[in-house]
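Report on one structure; see the data block that follows.
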Amino acid sequence: MGCRRCSSPVHRILHGMVGATKAVLGLDRAAPEVAQVRRAICDECPHAIHCRAGGPCWCGRLWDGIRAHRPTCGCSIPLKVRVRHEQCPLGQW
Ligand code: SF4
């Protein structure tokens, strides 16, 4: 993933859609233990938005990620952690 702030909103939306598609289809899959560690890190992150059912759901607000005026990406954490080549926008994993 390149410089988030250098890319356009369209590029960021497309990146998110490709990542979500990979996660759903099981492409570029991270090892289960890697996804588990990533999710645990997100669970402790102050930027994560948690689901009502518990656990981290979103890496900040989607709109913030599209506009890139905050460091978070707005991605779905359960999907993002499952894609091997995804990265935390804050470098936490
Ligand atoms: S991906 Fe990074 S910034 Fe986003 S919630 Fe997880 S640890 Fe926090």
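Annotations for the structure displayed:
- Any pair with Cβ under 7 angstrom, 6 or more apart, that starts in the range 26-52 at a residue that is acidic (Asp, Glu) and ends at one that is surrounded by 13 or more Cβ atoms within 10 Å (Cβ to Cβ) and not in a loop (DSSP other than H, G, I, E, B): Asp28/Lys22; Asp28/Val83; Asp43/Pro56
- Count of the range 40-73 residues, restricted to those that are modelled with pLDDT under 95, more than 9 Å from the ligand (Cβ to nearest atom) and not in a helix (DSSP H, G or I), is 9.
- Only a single criterion out of (1) aromatic (Phe, Trp, Tyr); (2) in contact with a strand residue (DSSP E or B) (Cβ under 6 Å, 6 or more places away or on another chain); (3) farther than 21 Å from Gly91 by Cβ is not satisfied by Trp63, namely (2).
- Residues in the range 83-93 that are more than 7 Å from the ligand (Cβ to nearest atom) and closer than 19 Å to Leu14 by Cβ: Val83, Arg84, His85, Glu86, Gln87.
- Residue in the range 74-82 that is surrounded by 14 or more Cβ atoms within 10 Å (Cβ to Cβ), among the charged types (D, E, K, R), assigned to a helix (DSSP H, G or I) and more than 12 Å from the chain's Cα centre (by Cα) present: no
The values are calculated or read from the model by the stated rules, or taken from the named source; none is laboratory data. What you see is a predicted model; the values in this text were computed from it and never measured. Using ideal geometry, Cβ is built from the backbone for each residue, glycine included, and neighbour counts are taken over all protein chains shown.
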